[in-house]
1. Quick query: amide H of residue 15 versus all other amide H atoms, modeled in the peptide plane; which residues come in under 5 Å with a sequence gap of 5 or more or a different chain?
2. Distance from the Cα centre of region 5-36 to that of region 44-88, in angstrom?
3. If you compute Kirkwood radius over Cα pairs in Å for the structure shown, which of [x] 16.8; [y] 15.9; [z] 17.4 do you land on?
4. Between residue 125 and residue 84, what length comes free when the chain is fully extended (0.36 nm per residue of separation minus the Cα-Cα distance, one decimal in nm)?
5. I need the per residue convex hull volume for region 87-141, using only the alpha carbons, in cubic angstrom as a whole number.
6. Name the long-range amide H neighbours of residue 41: under 5 Å, sequence gap of 5 or more, or other chain; modelled H, no Pro or chain starts.
7. Below 10 angstrom from the Cβ of residue 56, what's the summed charge of the other residues (Lys, Arg +1; Asp, Glu -1)?
8. For the chain, with a Gaussian network of springs between Cα atoms less than 10 Å apart, report the residue from 134, 115, 24 with the top mean-square fluctuation.
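Derivation of every value follows stated rules applied to the coordinates shown; laboratory data play no part. Quick caveat, the model's predicted, so the values are computed rather than measured. Here Cβ is always computed from backbone atoms with ideal geometry, including for glycine, and neighbour counts include all displayed protein chains.
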Amino acid sequence: MHVGRIARAHGVRGALYVQLFSDHPDRHAIGSRLWAFGEWYVIASAKKQQDRWLIEFDGLNDRNVAQRLANQDLYGEPIDDPAVLWVHDMVGSQVVGVNGEEFGTCVSVIDNPAHPLIELDSGNLVPVPFVVLHGDGLITIDPPEGLFEV
């Protein structure tokens, strides 16, 4: 799962500025593993620096080696958190209303500045805040009246 991007090295001990796409604590926790440039890196320390993180990885203590990772994408393992909606869990799920009305199948999730949007096979879009339950291939929504009217 694509979770961020390494920006550049910082200092002489191999620290890196990292832009993470998620604010989930498990993404920057000490001991978390991130994949870049063909191998796993374990976080030794992480400090928030404005809109990015300054991260040190176990065994990476040379600026020249760290600089080779600049501009690399970071990948992480899925986080098992039932409160979080994951795109890979939503796509292919049936979407129903709280009253049991069937709205279709989620075919994609569109990134949107306000909220991600669930795209249905009908072409309708549902903002993620209307999701009340999810799991086992089923997304239950509580849409406002008129959401599906043209």
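1. 10
2. Their Cα centres are 3 Å away from one another.
3. Computed from the coordinates, Kirkwood radius over Cα pairs in Å corresponds to [z].
4. Using 0.36 nm per residue and subtracting the Cα-Cα distance, I get 12.8 nm.
5. Hull volume normalised by residue count: 65 Å³.
6. 34, 35, 36
7. In short, +1.
8. Top of the fluctuation ranking is 115.
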